[in-house]
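Worksheet: the structure to be examined is printed underneath.
The values are calculated or read from the model by the stated rules, or taken from the named source; none is laboratory data. All values derive from a computational prediction rather than experimental measurement. So basically every Cβ, Gly included, is an ideal-geometry build from the backbone, and we count neighbours across all protein chains shown.
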Amino acid sequence: MVHPSDGNPRINHHLRSGRLKRSYRFYKEGLGFPTTRAPEESIVFVQTGGVAPALYPYAALAGDVGPGWDERPQEFSIFTLAHNVRDRAEADEVLALARSAGAVVVKTASDTFWGRYSGYFTDLDGYL
């Protein structure tokens with residue numbers, strides 16, 4: 001595998017979207033992520049500071065989301081997206097932004113077993 005000139009591999013996670021313009025508005029306008037390309041170009045790249053794939057056992061992830069999620073595997077996509085922020089206030093702000101953009105907050109932010117503060121929402125296409 002050949003890496004870019006800076007030696008860092010690039011990974012894109014492709015999210016299936018049934019309504020690209022709606023998803024674009026959610027991430028670009030609702031959450032404020034910079035993007036390249038427009039929906040009319042058939043693909044939109046949401047820009048982040050980097051992607052860090054994490055391996056997380058299904059049962060542990062389901063337990064972290066909340067009671068009953070381990071019984072509903074059909075509601076999980078193959079992966080989840082994590083939006084990491086600097087502090088508790090920013091985490092609460094992101095959840096509020098997501099909700100106002102149409103997301104469903106499935107778990108309000110709280111302290112986690114791994115020492116962080118986190119919550120969960122599903123975007124407009126159902127990705128957790």
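Of everything in region 15-42, what is at pLDDT 80 or above and among the aliphatic types (A, V, I, L, M)? Give them in sequence order. If the condition is that a residue be at pLDDT 80 or above and among the aliphatic types (A, V, I, L, M), then Leu20, Leu31, Ala38 are the ones that fit. Give me the residue from region 49-92 that is over 17 Å from the mean Cα position of the chain (by Cα) and of a type in the set (A, V, I, L, M) and, out of that set, modelled with the highest pLDDT. Step by step, filter region 49-92, then rank; the result is Ala89.
Tell me which residues, restricted to region 28-54, are touching a residue at least 60 places away in the same chain (Cβ under 8 Å), assigned to a helix (DSSP H, G or I) and not small (Gly, Ala, Ser). Scanning region 28-54 gives a single hit, Glu29.
Which members of region 87-109 meet the condition of being of a type in the set (A, V, I, L, M) and out of contact with any helix residue (DSSP H, G or I) (no Cβ under 9 Å at 6 or more places or on another chain)? Matches in region 87-109: Ala89, Ala91, Val94, Leu95, Ala96. Selection of region 93-115 for residues being over 19 Å from Tyr27 (Cα atoms) and modelled with pLDDT of 85 or more yields Lys107, Thr108, Ala109, Ser110, Asp111.
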